[in-house]
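Undergrad: Below is a structure I'd like to ask you about.
The values are calculated or read from the model by the stated rules, or taken from the named source; none is laboratory data. What you are looking at is a predicted structure, and each value in this text was computed from that prediction instead of being measured. Neighbour counts are summed over all protein chains in view; Cβ atoms, including those assigned to glycine, are modelled from backbone coordinates with ideal geometry. For accessibility, only protein heavy atoms count, side chains too; no ligands or nucleic acids. Shrake-Rupley method; radii C 1.70, N 1.55, O 1.52, S 1.80 Å.
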Amino acid sequence: ISTKEASRLLEQIKKHAAHPIPVGFERREHFEMALQPQLETATGKITADRALVRELDMNTVGVVSNIMGQTVALDWHLDTVDELLRNFSDINSSVESTGNFTSMERHTLFQ
């Protein structure tokens, strides 16, 4: 679908969200689903950015949606861990050079 159509669909979906994400904080994934009725297995073929399915029904859409949601959540947690490690590394370097914590470093460390 086009970018314009995707935006329109997302706006419709957001109307039903309990806690919509503020504009600018959304995380997006690009994932293509293609119908291939001649597939031999019901599970289809899945790659990192595409799923080939025999039929498109609500069960298939639900499974793919859950997987995409989990992927976005894992990406968010990975970003959080990277930030925490970066902060800890900065504090560690400061303590290593000065031998002391500043009050801000102590606050950050125990946060």
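Undergrad: On a straight-distance basis, which lysines could pair with K4 in a cross-link, Cα separation under 24 angstrom, same-chain partners fewer than 8 positions away excluded?
TA: K14, K15
Undergrad: Using Cα-only point scatterers and the Debye equation, what is log10 of I(q)/I(0) for the chain at each q in 0.09, 0.11, 0.12, 0.24 Å⁻¹, rounded to two decimals?
TA: Each listed q corresponds, in turn, to -0.45, -0.60, -0.66, -1.37.
Undergrad: Hey, what angle do you get for helix 3-14 against the long axis of the chain, alpha-carbon based, 0 to 90 degrees rounded to 10?
TA: 80
Undergrad: Now for a separate question. When the Karplus curve 6.51 cos²θ - 1.76 cosθ + 1.60 is applied with θ = phi - 60°, which whole-Hz ³J(HN,Hα) does each residue of the stretch 40-47 get, with x for Gly and Pro?
TA: Result, ordered by residue: 7, 9, 6, 6, x, 10, 10, 10 Hz.
Undergrad: Now for a separate question. Mind pulling the angle between the C-alpha long axis of helix 58-98 and the longest principal axis of the chain? Nearest 10 degrees, somewhere in 0 to 90.
TA: 10
Undergrad: Moving to a separate point now. Where only protein heavy atoms count, and the probe is 1.4 Å, what is the accessible area per residue for the chain in Å²?
TA: I get 86 Å² per residue for the chain.
Undergrad: Next question, about the same structure. Charges on Cβ only, +1 for Lys and Arg, -1 for Asp and Glu, centred on the Cα centroid of the chain; of V95, V61, H16, which one is farthest towards the dipole's positive end?
TA: H16
Undergrad: Could you tell me the calculated FRET efficiency between M68 and N100, based on Cβ-Cβ distance and R0 = 35 angstrom, to the nearest 0.05?
TA: The value I calculate is 0.15.
Undergrad: Give the range of the longest stretch in the chain that excludes all chymotrypsin sites (Phe, Trp or Tyr not before Pro) found in loop regions by DSSP and having at most 13 other beta-carbon atoms within 10 Å.
TA: It runs 26-109.
Undergrad: Sequence-distant or interchain residues sharing an amide H contact under 5 Å with M33, placed H: which?
TA: Under 5 Å from the amide H of M33 lie the amide H atoms of A51, each far enough along the sequence or on another chain.
Undergrad: Setting aside same-chain residues fewer than 8 positions from K45, which aspartates and glutamates have a Cα under 13 Å from its Cα?
TA: Straight-distance partners of K45: E32, E55.
Undergrad: Any idea what the relative contact order of the chain is, in percent, if you count C-alpha pairs under 8 Å spaced at least 6 apart?
TA: 15
Undergrad: Please return the longest stretch of the chain lacking exposed loop sites, where GluC sites (Glu not before Pro) count only if DSSP places them in a loop and at most 13 other Cβ atoms lie within 10 Å.
TA: 56-111
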